[in-house]
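*Asks:* First the structure, then my questions, so here it is.
The values are calculated or read from the model by the stated rules, or taken from the named source; none is laboratory data. Note that the structure is predicted; figures quoted are calculated from it, not measured. Glycine also receives a Cβ, built like all others from the backbone with ideal geometry; neighbour counts cover every protein chain displayed.
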Amino acid sequence: MHIHLTSVKRDMLHVIAVSFLIGILLILNTNLAHAGKANVSDDDLNDQKLLQAEKISGKIRIDGILNENFWKQAKFSSEFQQQEPGDGDPPSEKTEIAALYNDDYLYFAVKCFDSEPEKIIRTELRRDAFMDKNDYFEILLDTYHDKRSGFYFLFNPYGNKRDAKLDDEGRNYNPEWDGIWECKAKIIDQGWFAEIAIPWKTLRFVEGEEIYFGANFGRMIRRKNEKLDWNHIPRNVGTWSIFKLTYAGHLGPFHNLKQGGNLEFQPFVVGGLQNDLQTDFDFLRNLDMGLDAKMNITSNLVADLTFNTDFAQVEADQERVNLTRFSLYFPEKRDFFLEGAEIFNTSGGSFRGHRGMGGTPQIFYSRRIGISNGQQIPLWGGAKVTGKIGKYTIGVLDMQTREKKYTFYDEQTTVPSTNFGVFRLKRDLFTRSSVGILFTSKIEENNSRSNQAFAIDSRMGFSPTMSLTTLVASSNTSDESDKKNKMANASFNWRTDIYGAGLSFLDIQENFNPEMGFVRRKDVRKTSANIFYSPRSERFKAVRKFSYSISGSYLTDQQNYLLERSVSASYRIFFENSARLMMRLAREYEYLPYDWEVRENIEVKEGIYQGYSFWAAFRSNEARPLNLALTSAVSHYYGGTRYSMSSGINWTGFSRFTLNSDLNFNQVELPDASFHTFTVSNRLIYAFSTEAYIKAYIQYNSDRLRFDDRVKWNVNILFRYIFRPGSDFYIVYNQEQLVGNNNDELTNRTLMAKVVYFWRK
């Protein structure tokens, strides 16, 4: 038996470092324990609405029927107002909410009255599905009462649930957080009513003798496209305004609350059959088990532990066609990395969870851990500590992967056992500003090769509609130059309901290389600007508003040689029924610094290319059982022309059945060659209840020049049954196959079953 002393010492250093950081956090928590107590002044209470929360001695059965005596004595608030279409107008339908609590739960009762209950729209029964096309109700709780961070709960008339955590008033928004809570809803003659129970163990807050939460509530009446809020938020604040916690009211008072629930365990067992390149196409029987655990270090600081982590239930990435020279960004889908992801984000914000889509580098991109060239790298395990202590937000993550060998493009590839570490510290400033640091470390165990990155980011919120964000970072790699390894970004944004403007600067040096991050391109300097005007329509009753915008960008290399330039004008119409029509015309310039093979045997020569592009899109009324999104574009493409068409279809014509279909077609005509691509992604979902559904995700990709004149089929079938909150049973089937050219090839086939059991003390 051989012991590698270097590896042992390194592992000991990791343990010592994490233990030292946790010790610092505990000391900070002790020193700052009173930062959130007595958290509302009398003047603040008088400035905003207060929803009284009465304490009860018993428990409430969550069934959507408000027949308990507790609710008959509760104080319901009906002070909702329109935000859309009439800013501050009385609602067309009455809405009421009340709150109660005991030592274990925070309860809400919601009454969404409706004069036409038969027209209430409810189609989604799948946990965590987007419910934008449904009637819904939303609850936002600012548990630290810091007017920045919060817990978000949303449900529809089925009682189907979606939740999220957010920071910086929604600038960092993580919809993949899954809290443990209960919700039941019923449609009755008066409308639809709901009951909600949120365990105190699910939330994070600073304990105290008497505390208040910030809170706001919203309702969507989808067939009218009418948005209501409880503590009114002016429409001028802009989109997703419910996340503007400076406008939230108050919920409370809560007396002598205790967090409880110091330990959570989620053991899992997974087993099945695997047949792919890695098994030489022999069926390999898999049986494995692992453990996820959560421990409350304090009431507002939590540690997550994972051992032998498995993500068998994760849906396959969507097939996408890349006609650029740069890498595509794929979102994270694995639960362990998604929970608390908003804390580690420095990339200039997120919208509904999609980070890294623009040009700003993402210093920490969790898909670098456990994924290589689309292959899953086994995770030995890891730990994560996240939370908030007074004005400080803290995140520490450490993960260890195992070595893996796999075949990629007919070549044997070895990924060494690697340690990944991340440290994040952010401090709140003033009302809506913050400054933070982020440090990442990647160490390969077999050769001691390492890579580190360090970043400082800030956000200055001058008002609810105006902010300035900055990010500066540097990287260091043990076997590369430490010169020209920095980047900087600054972005100013001003956005109201009618007017808006933005200006940003980005500078990335040629050796900037955060290997745990996502950088679309390097050795660039970019300046971007945009301005828009969105007046409300007074003449056309079918139109809610128009929007006119102009944007431009200018990109050079580090020697200021022009690489790209773009100027565009856009026009949009937003209809009262939620339909939208959009058009954009752009003049574009690009310098290609080298000959580039866009597809096999199709080469684009070095040189300057410029021309026009036109893009148009239409999205139909989202309240209809069948709604469409159609897009068409024609643009110059390296001396030729690119024609693009895409469509998205969403059909909910049958009860409990949903069909989502996305089609994308590209025809590329170059001076010496032409080719086309065609992808189809179909997602068919049948929901048996809010606890059980089956989903088939079928993808077709005819980008034949990528697959040796063949097409690619992906099939992903998932059955999920939530047999108790936090506990799941999955059956998963995956298949990937290349077909055509007399060379059919099955590249992957797996059938797996997984059981996850949730236990909390």
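*Asks:* Only one residue in Phe512, Phe574 is part of a loop (DSSP other than H, G, I, E, B) and surrounded by 16 or more Cβ atoms within 10 Å (Cβ to Cβ), so which one is that? Working first, answer last.
*Replies:* Values: Phe574 fails: part of a loop (DSSP other than H, G, I, E, B).
That would be Phe512, the only listed residue that is part of a loop (DSSP other than H, G, I, E, B) and surrounded by 16 or more Cβ atoms within 10 Å (Cβ to Cβ).
Yes/no per residue for (1) under 32 Å from the mean Cα position of the chain (by Cα); (2) modelled with pLDDT under 95; (3) among the aromatic types (Phe, Trp, Tyr):
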residue	(1), (2), (3)
Ala633	yes, no, no
Ser644	yes, no, no
Ser655	yes, yes, no
Asn660	yes, yes, no
Phe665	yes, no, yes
Asp672	no, yes, no
Phe675	no, yes, yes
Arg683	yes, yes, no
Ser689	yes, yes, no
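*Asks:* Okay, next question. Looking at Ser115, Ser92, Ser57, Ser77, can you tell me which residue is modelled with pLDDT under 95, surrounded by fewer than 20 Cβ atoms within 10 Å (Cβ to Cβ) and among the small types (Gly, Ala, Ser)?
*Replies:* On the way: Ser115 fails: modelled with pLDDT under 95; Ser92 fails: modelled with pLDDT under 95; Ser77 fails: modelled with pLDDT under 95.
Answer to the check: Ser57.
*Asks:* Which condition from (1) within 30 Å of Trp181 (Cα to Cα); (2) buried (at least 17 other Cβ atoms within 10 Å of the Cβ); (3) touching a residue at least 24 places away in the same chain (Cβ under 8 Å) is the one that Ile731 breaks?
*Replies:* (3) is the only condition that Ile731 fails.
*Asks:* Another question, if that's okay. Go through region 584-600 and give me each residue that's exposed (fewer than 15 other Cβ atoms within 10 Å of the Cβ), of a type outside the set (Ser, Thr, Tyr) and either in a strand (DSSP E or B) or in contact (Cβ under 8 Å) with a residue 12 or more places away in the chain (or both).
*Replies:* Here is the first cut: in region 584-600, the ones exposed (fewer than 15 other Cβ atoms within 10 Å of the Cβ) are 585, 593-597, 600.
Retained after the next criterion (residues that are of a type outside the set (Ser, Thr, Tyr)): 585, 593, 595-597, 600.
Leu585, Pro593, Trp596, Glu597, Glu600 - these are the residues of region 584-600 that are exposed (fewer than 15 other Cβ atoms within 10 Å of the Cβ), of a type outside the set (Ser, Thr, Tyr) and either in a strand (DSSP E or B) or in contact (Cβ under 8 Å) with a residue 12 or more places away in the chain (or both).
*Asks:* Something else: Please report, ordered by residue number, the strands (runs of 3 or more DSSP E) entirely within region 205-309 with at least 1 residues that are among the aliphatic types (A, V, I, L, M) and at pLDDT below 80.
*Replies:* Numbers: elements: 210-221, 226-229, 249-255, 263-276, 284-298, 301-307.
Because the criterion is at least 1 residues that are among the aliphatic types (A, V, I, L, M) and at pLDDT below 80, the strands (runs of 3 or more DSSP E) in region 205-309 that meet it are 284-298.
*Asks:* Within region 667-690, track down each residue that is surrounded by 16 or more Cβ atoms within 10 Å (Cβ to Cβ) and not in a strand (DSSP E or B).
*Replies:* Leu670, Thr690
*Asks:* On to the next question. Kindly evaluate Arg544 against the criterion of being closer than 20 Å to Pro85 by Cα, over 27 Å from the mean Cα position of the chain (by Cα) and crowded, with 19+ Cβ neighbours inside 10 Å.
*Replies:* On the way: closer than 20 Å to Pro85 by Cα: yes; over 27 Å from the mean Cα position of the chain (by Cα): yes; crowded, with 19+ Cβ neighbours inside 10 Å: yes.
Criteria met by Arg544.
*Asks:* If you don't mind, there's one more thing I want to ask. Could you please find all residues in region 602-618 being out of contact with any Asp or Glu (no Cβ under 9 Å at 6 or more places or on another chain) and either touching a residue at least 40 places away in the same chain (Cβ under 8 Å) or among the aliphatic types (A, V, I, L, M) (or both)?
*Replies:* Residues of region 602-618 out of contact with any Asp or Glu (no Cβ under 9 Å at 6 or more places or on another chain): 607, 614-618.
Of everything in region 602-618, those that are out of contact with any Asp or Glu (no Cβ under 9 Å at 6 or more places or on another chain) and either touching a residue at least 40 places away in the same chain (Cβ under 8 Å) or among the aliphatic types (A, V, I, L, M) (or both) turn out to be Ala616, Ala617.
*Asks:* Given the condition under 14 Å from Ala197 (Cα atoms), in a strand (DSSP E or B) and in contact with an Asp or Glu (Cβ under 6 Å, 6 or more places away or on another chain), answer yes or no: does some residue in region 57-72 qualify?
*Replies:* So far as region 57-72 goes, no, none of its residues is under 14 Å from Ala197 (Cα atoms), in a strand (DSSP E or B) and in contact with an Asp or Glu (Cβ under 6 Å, 6 or more places away or on another chain).
A quick yes/no check of all residues on (1) small (Gly, Ala, Ser); (2) over 29 Å from the mean Cα position of the chain (by Cα); (3) more than 30 Å from Pro671 (Cβ to Cβ); (4) at pLDDT below 95:
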site	(1), (2), (3), (4)
Arg521	no, no, no, yes
Phe532	no, no, yes, no
Ile550	no, no, yes, no
Ser553	yes, no, no, no
Tyr589	no, yes, no, no
Tyr594	no, yes, no, yes
Glu597	no, yes, no, yes
Asn601	no, yes, no, yes
Ile608	no, yes, no, no
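*Asks:* Among the residues of region 130-189, which ones are more than 20 Å from Ile233 (Cβ to Cβ), part of a strand (DSSP E or B), under 15 Å from the mean Cα position of the chain (by Cα) and of a type in the set (Asp, Glu)?
*Replies:* Scanning region 130-189 gives a single hit, Asp163.
*Asks:* Can I ask one more? If we keep just the residues of region 416-431 that are modelled with pLDDT of 95 or more and of a type in the set (A, V, I, L, M), which is farthest from Phe462 (Cα to Cα)?
*Replies:* Per the stated criteria, the residue is Val422.
*Asks:* Quick check on my filter: what residues within region 470-500 are within 26 Å of the chain's Cα centre (by Cα), of a type in the set (S, T, N, Q), over 19 Å from Val524 (Cβ atoms) and outside any loop (DSSP other than H, G, I, E, B)?
*Replies:* Asn493
*Asks:* Of the residues that sit in region 354-386 and are surrounded by fewer than 22 Cβ atoms within 10 Å (Cβ to Cβ), at pLDDT below 85 and small (Gly, Ala, Ser), which one is nearest to Asp523 (Cα to Cα)?
*Replies:* Gly359
*Asks:* Pick out the one residue from Val385, Val415, Val435 that is out of contact with any Cys (no Cβ under 6 Å at 6 or more places or on another chain), of a type outside the set (Asp, Glu) and touching a residue at least 60 places away in the same chain (Cβ under 8 Å). So that I can check it myself, show each step before the final result.
*Replies:* Working: Val415 fails: touching a residue at least 60 places away in the same chain (Cβ under 8 Å); Val435 fails: touching a residue at least 60 places away in the same chain (Cβ under 8 Å).
After ruling out the rest, the residue left standing is Val385.
*Asks:* Sticking with this one: Of all residues in region 316-353 being among the basic types (Lys, Arg) and over 24 Å from Asp457 (Cα atoms), which is modelled with the highest pLDDT? Don't jump to the end; show me each part of the working.
*Replies:* As a first pass, look at region 316-353 and keep what is among the basic types (Lys, Arg): 320, 325, 333-334, 352.
From what is left, the residues that are over 24 Å from Asp457 (Cα atoms) are 320, 325, 333-334.
Working: Arg320: 77, Arg325: 84, Lys333: 72, Arg334: 77.
The selected residue is Arg325.
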